[in-house]
Structure formats: structure tokens, C-alpha cells
1. When the Karplus curve 6.51 cos²θ - 1.76 cosθ + 1.60 is applied with θ = phi - 60°, which whole-Hz ³J(HN,Hα) does each residue of segment 152-159 get, with x for Gly and Pro?
2. Tell me, what ³J(HN,Hα) does each residue in segment 306-321 have, in order and in whole Hz, if you take phi through Karplus 6.51 cos²θ - 1.76 cosθ + 1.60 with θ = phi - 60° and put x for Gly and Pro?
3. Quick check for me: using +1 on Lys/Arg Cβ and -1 on Asp/Glu Cβ, what's the dipole size of the chain about its Cα centre, in debye to the nearest 20?
4. Looking at the chain, which longest stretch skips every one of the GluC sites (Glu not before Pro) that is in a DSSP loop with at most 16 other Cβ atoms within 10 Å, leaving the sites themselves out?
5. For helix 257-266, what angle does its Cα long axis make with the longest principal axis of the chain, in degrees from 0 to 90 and rounded to 10?
6. In segment 267-296, whose amide N lies under 19 Å from the spot 7 Å out along Cα-to-Cβ of K161? List them in ranges.
7. Can you list the residues, at least 5 places off or on another chain, whose amide H is less than 5 Å from the amide H of Y341, using H built in the peptide plane?
8. Accessible area per residue for the chain in Å², computed with a 1.4 Å probe and the full protein assembly in place, what is it?
Amino acid sequence: MSRGDVAPFSLSLSFPRPTEACEIILERGALGRVAAFLEAYAPAPRYAIVSDGTVAALHGSAVQRAIAAAGRPAELLTFPPGEANKNAARWVELLEALGDLPLGRDGCVVAVGGGVTGDMAGFAAAAFARGVAFVQVPTTLLAMVDAALGGKTAIDLGAGKNLAGAFHQPRLVLIDPATLDTLPDAELADGLAEAVKHGAIADAGYFDWMTDHAAAILERDPASLDRLIEDSVRIKTGIVARDPLEAGERALLNFGHTIAHGIEQASGYAIRHGHAVAMGMVVEATLGERLDLTRPGTAHRLRATLAAFGLPISPPHDLDPDAVIHALQSDKKARAGVTHYALIQQIGTPASPPWTHPVPHPLTHAALQTL
Ligand SMILES: NC(=O)c1ccc[n+]([C@@H]2O[C@H](COP(=O)([O-])OP(=O)(O)OC[C@H]3O[C@@H](n4cnc5c(N)ncnc54)[C@H](O)[C@@H]3O)[C@@H](O)[C@H]2O)c1
Ligand SMILES: [Zn+2]
């Protein structure tokens, strides 16, 4: 048969995974019923529970026992805690461990832990057998309001953080705020910075409520923490649902983060993420005010709220603005001499499409120097 006899071949493919339905359950005490939730939303003949060593002892082994007690094979796979372990070597170890179980194509990976665990276990679930079911059980505030939501998974490479990864939506995100009882204050603060960001980009009422209730939230009053998580989940998932593959609006979630990444890098990661985001929001609000894009007084309001949560409100004096600018230039959003920022118009109102604005580096340098 000559080529001319072959009918033209065409295929229409659709890739539903990034927008796949994902159930989010927020319920104090939910972990006590984890087996029933898995049965309902992610039934599988076998489960691999992934936790870092710290969370394994606090929550991961309890989840494993609960699933096993319900009659499903469930194994606990652990790795040492910390961002330094969100790397390719640990990821391959995890894949090999899934293969050794063996998990099987119909198995389910359950991440019980913070963003490091969720990111690495999620990327393993995305790759193992070309993608197996995945469930997130976030145990840090940052993971509950941010990392576990939206389907982004990743590991760090030598060339940069989160440089290898995939979109892989969890079937279920099971949030039990009671797991935060064991979380150190510094880790809680990282999540609070993201919650302030959510109010700043999307909901002035939420922003004001959280400012008024900062003391109760810091004391971990259950009702206040639960409301904070619920509102932040609503805001983040709303943005992600409208832009699952980060084609546009999802950039709003980067408010404060462009400067934050520069500050983190310039400090050699001595400044923790939540602190860098707090400083980043103040700097970016100031840039917006100086460009007449952001309502005057916005940076001031942000500072008051961040201070109420004990978060920093300006970059440290020994931070070299040149080093931050240098780090910005290697940022993927940097274009010759300018960096694009997701600025806000005022508290609760983000930039309008195209969502980001170019800011010349000298203006950023000046803001870093004078704040
Ligand atoms: N995928 C995304 O969309 C996304 C978004 C934001 C951040 N992230 C990623 O998330 C990571 C940061 O997440 P993180 O701050 O949760 O870090 P993490 O997972 O390292 O957790 C922080 C620390 O808290 C401990 N811990 C976790 N839960 C605990 C609990 N209930 N009680 C006591 N200790 C507990 C952990 O062992 C760890 O030492 C980064 O790698 C970041 O890149 C991903
Ligand atoms: Zn962040």
C-alpha cells in the first residue's frame, strides 16, 4: 500500500487531569474518619502513606493504622523532614519504594504532611505507573491554605526550587485543623502570611476580619482558625478553578512572591518563606503606590495586619538591594530591565487582566532601599 492510500490520521485528545474534580473536605477531627473518606472519594486496593519522619510519628502512622484497621493494605513510607529532602534522589527512592510494595496502577498515594511532603509525594504519584490516584492530608497551615490546593507538584533541582514537577490533581484534600495543634509557631506564621495574601488579593472583608481576630488566631482559637482556613481555601480554589494551568489569573497568587523569592535567594534562604512573603507584599504594595496603580495607604494597611501577626513589615537593613535585583533577573518573569509583578489595586482588589505589571528595576531598588 502506498502512502497515498492511507487515510489522513487525526486524533483529538483531551487531558482532563489538570481540571479533574477534586473533593476538598475541611472538618475538625476528620482524621479520625480517614478510612471512610478514602473509601468514598479515593477507593483503592492499596494505599501508600507518605510522611516526613516528624509527621509520621505525629499523624502518618495513625492514618496508616486507621486504613489497615478498615481492611485495606496500607504502608507508611517516610523520608527525613525539610526542604533539602524535596530532591530528585529522595523522589527516586520514593518511586522505588512504591514499586517494591508494589502499589499497582490502581493504588493510591496519600501525602500526610506539609508542602514538602505533598509536593514530592504528588510528583511521585504523577509519575508512578504514569499517574496513580493521589490524596492530600495537609498538616501545616501553609499546606492547608496553599500547597495542597491546585494540583501543582514538584521537587527542587540544583538549578532552582520546584523546577521539576507536574500538574496532578488530588482526588481528595482532607483538612483536619486539629493536626495544627502540634505545629510550631514559626511554621504557623508561614501559613498566616499566605492567608494575609489571600485577603489582600481577593477579599477586603476577610482581610479586616483576620486583622481584628489576629490575637485569637495566634492563640489557635479553633473557631477562628477554622474560619481562616475555610476562607483561604475558598479564595485559592476559586482562582485555581478559573485558571487551572496558570495561563493568567493564577498569577494573582504571586502577590508578594516575586520580591519574596528575590529576598529568599539574596539571604541564602536564611529568611523563611512567610517572612519573605510578608516583606514582599509591603514592597510590592509600595511599588504599586509609586506607580499610581495601587491606592495610597495600601502598604500601610498591610503593615498593620502583618504586624498584628508578628510578621516582618520591611526587609532587614543588612539585605543588599543589588543582590535582590540580581536574583529577580534570574526569575522567570524578569524581562530586560523590568520585572512583572502581580500588584493589587487596593486591599481585596487585584490587578485587572493581564494580571501583571512591568516595574523597572531602579524603582524596585529604590523601594528596597527606603523601606
Ligand atoms: N504545590 C504548591 O502549589 C505549593 C504552594 C506553596 C508552597 N509549596 C511548597 O510547600 C513547601 C513548604 O511547605 P511547608 O511549610 O508545609 O513545609 P514542610 O512540609 O517542610 O513542613 C514544615 C515543617 O513542619 C513539620 N510539620 C508538618 N506538619 C506538622 C504538624 N502537624 N505538627 C508538627 N510538625 C509538623 C514538618 O516536619 C516540617 O519540619 C515548599 O517546598 C514549597 O515549595 C507548594
Ligand atoms: Zn508562598
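The values are calculated or read from the model by the stated rules, or taken from the named source; none is laboratory data. In this text, all values refer to a predicted model and were calculated from it rather than measured experimentally. So basically every Cβ, Gly included, is an ideal-geometry build from the backbone, and we count neighbours across all protein chains shown. Surface accessibility is based on the protein's heavy atoms, side chains included, excluding ligands, DNA and RNA. Shrake-Rupley method; radii C 1.70, N 1.55, O 1.52, S 1.80 Å.
1. 3J(HN,Hα) across segment 152-159, in whole Hz: 7, 10, 5, 10, 8, 10, x, 7.
2. For segment 306-321, the Karplus curve yields 4, 5, 4, 9, x, 8, x, 10, 7, x, x, 5, 8, 7, 7, x Hz.
3. The calculation lands at about 760 debye.
4. 28-218
5. On a 0 to 90 degree scale, this one is about 90.
6. 267-285
7. H357, V359
8. Here the residues of the chain average 43 Å² of exposed surface.
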